[in-house]
Each structure stands twice: as C-alpha cells, then as structure tokens.
Protein chains: 2
Amino acid sequence: MNPTPASTQTFRAIDVIRKKRDGVELSRDEIESLVNGYTRDDIPDYQISAWLMAVVLRGMTRAETAALTDAMLRSGEVLDLSSLPSKKVDKHSTGGVGDKTSLVLAPLAAAAGVAVPMISGRGLGHTGGTLDKLEAIPGFNVNLPVSEFRRVLETCGCAMIGQTAEIAPADRKLYAMRDVTGTVESPYLICASIMSKKLAEGIDALVLDVKTGSGAFMKSEKDAIFLAELMVETGERMGKQAVALITDMDQPLGNMIGNALEVVEVVDVLRGEGPADLRLLCIELAGWMLYMGGVSDTVAGGKKQSEKLIASGKALDKFRQMVELQGGDPRTIDDPIKLPQANSTVTIASPRNGYLASMQCEEIGTACVILGGGRERKEDSVDPTVGIVLHKKVGDVVSRGEALATIHYNAEARAASARQLLEKSYQIQDSPPLDKRPLIHRVIGKAGDKN
Amino acid sequence: MNPTPASTQTFRAIDVIRKKRDGVELSRDEIESLVNGYTRDDIPDYQISAWLMAVVLRGMTRAETAALTDAMLRSGEVLDLSSLPSKKVDKHSTGGVGDKTSLVLAPLAAAAGVAVPMISGRGLGHTGGTLDKLEAIPGFNVNLPVSEFRRVLETCGCAMIGQTAEIAPADRKLYAMRDVTGTVESPYLICASIMSKKLAEGIDALVLDVKTGSGAFMKSEKDAIFLAELMVETGERMGKQAVALITDMDQPLGNMIGNALEVVEVVDVLRGEGPADLRLLCIELAGWMLYMGGVSDTVAGGKKQSEKLIASGKALDKFRQMVELQGGDPRTIDDPIKLPQANSTVTIASPRNGYLASMQCEEIGTACVILGGGRERKEDSVDPTVGIVLHKKVGDVVSRGEALATIHYNAEARAASARQLLEKSYQIQDSPPLDKRPLIHRVIGKAGDKN
C-alpha cells in the first residue's frame, strides 16, 4: 500500500546505479549483488552499462574496487593449489609491443623453485598476447582443462594456458559489455578485471609490470602509477603480496615483434643472449618473483640467482620441458629456425644520417597487426610468421640507407601498408636524444620497501 | 586492411559514447544518428543507457540540447496547424501537487481567441496528471485520434489529449530506458523530453510553469532556474517564442488534491471563485498566453482580459463546450456535485494552537497516491473520487482541534496510511512563519523583458 519501495529489504539495481551516479560509496553487499545478478542474467545489460559508465565518470574508492574484484573473483572457480609445496607467484603485464617476458619468466622462476600458474590473454589492439606467441610453437596447446594445467604445473613448476570458462565468468561478461559501451578506460574496472582473474589462479604473490609510454595503454606515467597503486592495494586488501614495476613502453621491448619472431628472442634470452633491454627487464622481474616466492631473501639475490639459472641452461631446459608437456615441438626450442617463417622480407632504410630520436610505439604494434600478426576483428585468425625485426633502437646512430627494420610478411599489400606506417613512426635528428627514458621507472608497493 | 576504423564515413555509436564520456561536444549529425538509430532499433539499449549516463554526468551544451530536442521531435509526426488562423500557444508545467491550471487555462486562452492544442501526461510519482483529472469527468475521452483532436481544436479553440504513438516516439523509448537506468534526473534530458513533445504540437509559443519547492521535482530554486533557462533557450533556438515562470510548489496549489476534487476547483475558478493562490497563478499564466498568442499587447493586458472572460462566464462556457466535444458530461460542469465522489471522509484536526508554518508538499502528494488517486505502479488504475481538501494553508492561524484537512477515501486501510503521512507533513509553531515564499518567484526568457 505504501509507495515507498522496500529498498532495505530487496536489492534493486536502479538504487545502486543512482548511488554511484551521485558519487555515494557502494557497500560490499551492493557490489556483490550487482555482480552476481548480472552474472546470473537477472540484471539486464542496459542497467549494467549505465552503472559501468557511472563508475568510469565517478570512480571508486579502494574499498569498492576491492569488493568488485572479490565479487568478480568469486563469480567462478578459484584454483586451490595449496597441495603444491612451493609458493605460487605470477607476473602480469598491462600489455605492450614486443613484450615477451612471460615466456622467459615462467620457466626461469620455475627453475628456481617457484610455482608459476600462469593464465594469460591474447593480443588486444596494437599489443601482442602471450597465448598467440605460445601458439607460434607448433603443437603448443593453451586450452588445457584445469586438471591437465595442474598436472603440468606439478610436473615442471610452470604452466601457461588461456582463461577457462570457469575462471571469473563475471569478468568475461562485464568485459564484453565494456568493450561496446565505451567503459574500458577506467583504472578501477581495469584493476578489478586483471586482479580477479589473476587471484583466481590461487597464487600467493603477484608481480605486476605496468607499462607506460607511446606503446602502452596508459600513455602517461601518472595514469600508470595510479593503476599500479590501485592493483597493489587491491591485492593486499585481498591478502596477497603484490608489487608493481612501472616500465617503459615508449619503444618496443627487445628487437622482435611478431609471434614466432618473439619466441626466437625468448630462446635467445634463455640462452644468455638477446637484446640488452629485454634481458635486463626479465632479470629484474624474475628477481622480484624469486624474492616474493621465498626462494631468495632479496630482489638482488633473486636477480643473481636468475642469471645463474640462465647461464647454467636450467631455465631453457624448463622452457623446453613445459613446451613438451603442453604438446609443443621441443625441437623448435633447440633450433628456432624450425619455427614457422614468413615467405618474404623487406627492409626499411634510414632516409638520412643522424640519431634515432624516438619511435611511435603504438604504430609499430599496429603495423604488426596489419601484417596479420594480430586481430583487427575478434574473429580474425593470427599469422604466427609475420612481424618486424628492429635493427636500431632509440639513441642509436643511423646512416643514410642503413637498415632500420626488416618486415617479415606473406602479403604484398599488407607489407606496403605496414611499411608506410613504420616509416612514419621513426623520428631521426642531428643530435643524440637528450632525455633517455629509463627502462624501469619505479617500483610500487610495500613489498618493495626494503629492496 | 588498415585497422583504423573508418569512423569518418560510418556512424558508430561507440565513438559518440566515448566522446560524451570524455566531455567532447557532439555534433548535430552525431546526435541525430544516435536518436534515429535507437528509434529504429539499430542501436541496442545497453549502448544508449551508457550514453545517457554519460550525458547525466557530463552535461550538454545548449547546441547539443537543441540538437537532441530537434532529433527527438523529428522522430515522429509534427502537427501542422498552420491552417488555423489563430496563434497556437500551449502551457506546460513541470508537475506539482494540486496543480490543475491546465484545465483552467486551455478554455480561458481559447475564449480569448488563442488556439490551445494541449497534449498532456498522466500523474508521475507524487504529482497529479492532467489526463487523470480530465478522466474524472464522466465520458471525457483523452485518446482522440489526431484528426478528431484537430476538429475539436478548430471548433472550440482548445483540445486536450494524451500523447499519441505518432508524437516523438524517440522520447517514449528514451524515457522508458531512463526510468530504469537512473538517468531521469538530468536537466538536459528533461528539457529535450518536454520540448520535443510540446514542439511536436505545432505551436508558435510556449508558456512554461517550472515548479520549485518541497512538492516539485526541482526542489531547489537554482535547479528550477537552470532547467527553465535551458527550455526557454532550446525553444528559441528552434524558432519558437518561450517564457518560463518559476512558481512555488512548497505547498499544494489551491485547496483540492485528487482528480474529481480538482475538477470541482477548476469550475470554481472559472466561475470567479476558488482559492486565491490558484486564481492568481491562472490569471498570471493566462496573461502570458494571451500576450504571446498576440491577442493582447502586454501581459498586464492579457491578465485583465482573462479576468473579464471569467467574469462574463465565457471561459466557463468554453470549458463546457470542450468537455462536450470530447465526450464528457457537460452537466458535471454546471453541477459539480454530479462528479464521482468518494464514499467516506475523515477530518484531520490540529494538535495545538499556533500558526501553520509549513507543509511537506511531496508527502501530501504521496498521501493522495496512497488513497488511490495516483499510481504506485504503471499498470495501476486511478480512483477519480479520492483526495484531500485542505482547510488551512501556510501562514494561517490554527486552533487545537480545528480541521486542517479532510480526506476523501474508499478504503479504510488506505485512509489510515494517508492520514499518518498527512499528519506528519504539517509543522505548526507559535509565531507566524517569517519568510513567506512568493507564489511567482521570477520570469525567465527574452519574451518577458518588456513586461
């Protein structure tokens, strides 16, 4: 009879939308009811999209962000890896161009005795994806059921698969909605999406690599630091150790971009070779994984140990073992020339003498997508063979006519488009660039206070 | 081949959502494509709701508001009343408690020679609706087809109906979505909704009555002024004369609340009787309608003329004529006791001696809804007979035991709930209230500059 809605008794999505719209903090119960209601299809898309836009524009408190992460995490299965004696540590990157560190780090940390249960994603926009890189190895299966994932992990200490239907289904539904409603770009929603999936892996600690620069999703360092702090605090609120490194993505990482080409560079690094920037970042991140995994007392100690495991060949052995356990052809690891290769190559030459001042990193990533190395539409398949090999990095001296990069391609028209984009992405000047950006900008998180 | 979306060629709703999210002004074309796409079902609900929330939180420029109004207006039929020689003028109120001025104004302005093609709404929330009041007159048909609406208008100079399916279908779809996504409360969206429907009537000028106070949707005067300015400017941008009066809704207008009771009070005013506040506001608004309708040179002249039309009985004759033309029983106008009446009444007595300091106006409206005079759910039917008659208004002296109000009801339980709410809504104090609010707070719009 009384027209006042009984909102204290019954959860109504509209009330939660209005509260967020008006900048009022939501309770843990309200966020949980919203996420569960949406996952169960009780709340329609049009209500969740209005709420998502309100979150993008109003933001969230740390408590709300943790509650959202927790509700998304608990929308599905959370792996219980407590039977494994080692500490479980994962690494997550916010995505970049030429970022193949996961393929180095999983076997490297496993070789040191840390368990690495890594659930990864595919390429997004101009950035590459770990799963696409792994699938460049003939036979490698990223779609293991959870039981098989667990078996590989128990056998060799690391395993790398894609997201399963059981892990954080709320995130899959919410992400699909964000993608079509302009609500991707919110640090709170990005944090909850990443952290809910990672914490569902049943890990003890997480090392985050938050990229910043022209090839990153967070172009500005300020935004990268904000997201990093949010993810670290969210992890800690959920009882997990977390640290974030803000690292440079103003030019590609390493020299190889493209799925099979990046596997070649991974093997180079695991052999103690490969480009200096990629080696340095892998050792730094591995140092943190070993420290947080409890197999070394300091990050510095973890880095030393990682270098030894590379020098001894144990890290490469671990990679070969994982590849074989997941159905991949181990001969490609010993002899990377056996990896699939593109039919043709073409070289981009420097138009003048000078110094390489900068590279538009997102455009280089996009050039690789144009070649077929990434997806323009979700349903596209990826060509593992194509890509770009960089011969010069920022700060290098270049001579007129000297090769800046080599394009590996299978279709002339795609190569022409990619070439045009690549040529535009280089800036060459007379004097050396003044402010060289560091590879590691800073470390965020209490875990790093003593190191 | 190139992954850059061809957004310059193809309209994509996501681009418009992102722009609004980022606070970038939308073009007329973008707004039109969005409204048309949604009306045609090409754009899904979840995208429009994200956009609506972005509008609520980012606002709109005046140009965007006019473009949205125009696109919504042109989503359906726009009446062409150019064959009528008189100027067409309508009045719209943002809604209040006891606001029955439309029923007085349409025949009053028509009696002066202004054409009034009035398309009205039903009660919303705690407020009454013109259609519900008209339907309290036995036989009155508010659902005339457009051809019949035109015939009544041509015959007697005024006609009053509900929204047809042909008028602004985009507004109907958008309003339904706003209602369930917490996006009703935006002055820009409210303005576009009101103005698109009103301008679809084919009018030359519009008098807006924007309510402020405890019984209005815009509780604060600041919000009421903002909305009024927005509506007036939007009307002017679309080539129509518009003026807005900010008027008081801190207590009910007149003494009667409830559909049939309000018709009784309308007849009182048209007979030159009725409560002072209601008479005053009707004359003021009629003055503006006559002035903007070109039948008087000033608002003051229009007010005088209106008073004469009431004194001569011509305004009441016009009301009787319209009621008869729309199927209503004209005997109820001459003898309002023939209007439907509730079975029982109960009186609320003052608990003490003193002055009536204030009334919680929204609660009084809600009490009438509880009695059955409004809808708690959209599908509810309305009881025309129930309501509340006020015996005291703010500032009046009251004695202990004296009647403050009489409840007209048909169900004991409803009467008990309404009584409880009503009793709580009165504040009685020892001294007279100091700051008596004016009935007309101010006039907004260039049309009023000279008056």
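The values are calculated or read from the model by the stated rules, or taken from the named source; none is laboratory data. Here the structure is a predicted model, which is why all the values come from computation and not from measurement. FYI the Cβ positions are ideal-geometry reconstructions off the backbone, even for glycines, and counts take in every protein chain you see. Accessible surface areas use protein heavy atoms only, side chains included; no ligands, DNA or RNA. Shrake-Rupley method; radii C 1.70, N 1.55, O 1.52, S 1.80 Å.
Worth a mention:
- Per-peptide packing, taken as the mean over residues of other Cβ atoms within 10 Å, places A:78-84, A:250-256 in the sequence A:250-256, A:78-84 from highest down.
- Each Cα pair under 8 Å and six or more residues apart adds its sequence gap; the mean of these over the residue count of segment B:273-422 is a relative contact order of 21 percent.
- Three-way shape label, the protein assembly as shown, alpha-carbon gyration tensor, a/c 1.5: prolate
- When the charge dipole of the protein assembly as shown is built from unit charges on Cβ atoms (+1 for Lys and Arg, -1 for Asp and Glu) and taken about the Cα centre, the candidate among B:Val382, A:Tyr426, B:Gly239 whose Cα reaches farthest toward its positive end is A:Tyr426.
- Loss of accessible area when A meets B, both sides summed, Å² nearest 100, probe 1.4 Å: 2500
- In this assembly of identical copies, the label point of A:Leu439 (Cα plus 7 Å along Cα-to-Cβ) is separated from its counterparts by 8.1 nm, sorted shortest first.
- Shape class of segment B:1-140 from the alpha-carbon gyration tensor: prolate, with a/c at 1.5 or above and a/b greater than b/c.
- A:Ala413 paired with B:Ala413, simple spin-label distance in nm, labels 7 Å along Cα-to-beta-carbon: 7.2
- Helical contribution to [θ] at 222 nm, DSSP H n ≥ 4, -39,500 (n - 2.57), averaged over the protein assembly as shown, rounded to 500: -13500 deg cm²/dmol
- Using the Cβ-Cβ distance between B:Asp380 and A:Glu379 with R0 set to 51 Å, the FRET efficiency from 1/(1 + (r/R0)^6) comes to roughly 0.60.
- Segment B:Asp297-B:His391, length gained on full extension (0.36 nm per residue, minus Cα span): 30.0 nm
- Whole-Hz ³J(HN,Hα) from phi, Karplus 6.51 cos²θ - 1.76 cosθ + 1.60, for segment B:37-44, glycine and proline x: x, 6, 4, 7, 6, 7, 10, x
- Coupling constants for segment B:430-445 follow from the phi torsions by the Karplus curve (6.51 cos²θ - 1.76 cosθ + 1.60, θ = phi - 60°), and in residue order they are 6, 9, x, x, 6, 9, 6, 6, x, 6, 10, 6, 5, 10, 10, x Hz; glycine and proline get x.
- Amide hydrogen neighbours beyond the local backbone of A:Arg442, cut-off 5 Å, H modeled: A:Ile246
- Axis angle, to the nearest 10 degrees, between helix A:45-58 and the longest C-alpha principal axis of chain A: 70 degrees.
- Tilt relative to chain B, helix B:299-311 - C-alpha long axis, 0 to 90 degrees, to 10: 50
- Charge sum, other residues only, whose C-beta stays under 14 Å from A:Gly213's C-beta, Lys/Arg counted +1 and Asp/Glu -1: -3
- For segment B:120-223, the Cβ-based charge dipole about the Cα centre amounts to some 140 debye (Lys, Arg positive; Asp, Glu negative; other atoms uncharged).
- Nearest-0.05 FRET efficiency for A:Ala311 and A:Ser83, computed from C-beta distance (R0 30 Å): 0.40
- Charge context of B:Pro336, other residues only, Cβ under 15 angstrom, K/R +1, D/E -1: -1
- Estimated FRET transfer efficiency (A:Arg352, B:Asp223; beta-carbon r; R0 35 Å; 0.05): 0.05
- Over segment B:341-429, Cα pairs under 8 Å with separation of 6+ residues give a relative contact order of 48 percent.
- Label zone (A:Asp15, point 7 Å along Cα-to-C-beta; backbone nitrogen cut-off 20 Å) within segment B:200-219: none.
- 5 angstrom amide H check on B:Val398, placed H, neighbours 5+ away: B:Gly354, B:Tyr355, B:Leu356
- 3J(HN,Hα) along segment B:320-329, derived from phi through the Karplus expression 6.51 cos²θ - 1.76 cosθ + 1.60 where θ = phi - 60°, amounts to 4, 4, 5, 4, 5, 5, 9, x, x, 7 Hz, with x in place of Gly and Pro.
- The angle separating the long axis of helix B:221-237 from the principal Cα axis of greatest extent in chain B is about 50 degrees.
- Pseudo-label separations to other copies for A:Glu25 - Cα-to-Cβ vector, 7 Å, nm: 3.9
- Given charges at beta-carbon only (K, R positive; D, E negative), |dipole| of the protein assembly as shown in Debye: 760
- Amide H contacts of B:Asp209 (H built 1.01 Å from N, under 5 Å, at least 5 apart or other chain): B:His92, B:Ser93, B:Thr94, B:Leu245
- Structural descriptor for chain A: relative contact order 19 percent, calculated from alpha carbon pairs under 8 angstrom and at least 6 residues apart.
- Charged-residue dipole, Cβ positions (Lys, Arg, Asp, Glu), chain A about Cα centre, Debye nearest 20: 400
- Shortest-first distances to equivalent copies, position B:Met238, nm, label 7 Å out along Cβ: 4.9
- Across the options B:Ile14, B:Gly59, B:Ile48, the greatest Cα extent toward the positive end of the charge dipole of segment B:11-59 (unit charges at beta carbon of Lys, Arg, Asp, Glu) belongs to B:Gly59.
- Pairs beyond 22 Å (Cα-Cα), from B:Lys133/B:Lys303; A:Lys222/A:Lys436; A:Lys19/A:Lys198: B:Lys133/B:Lys303; A:Lys19/A:Lys198
- Across the cross-link table entries B:Lys87/B:Lys304; B:Lys211/B:Lys308; B:Lys173/B:Lys338, which are compared at the Cα atoms, the separations over 30 Å belong to B:Lys173/B:Lys338.
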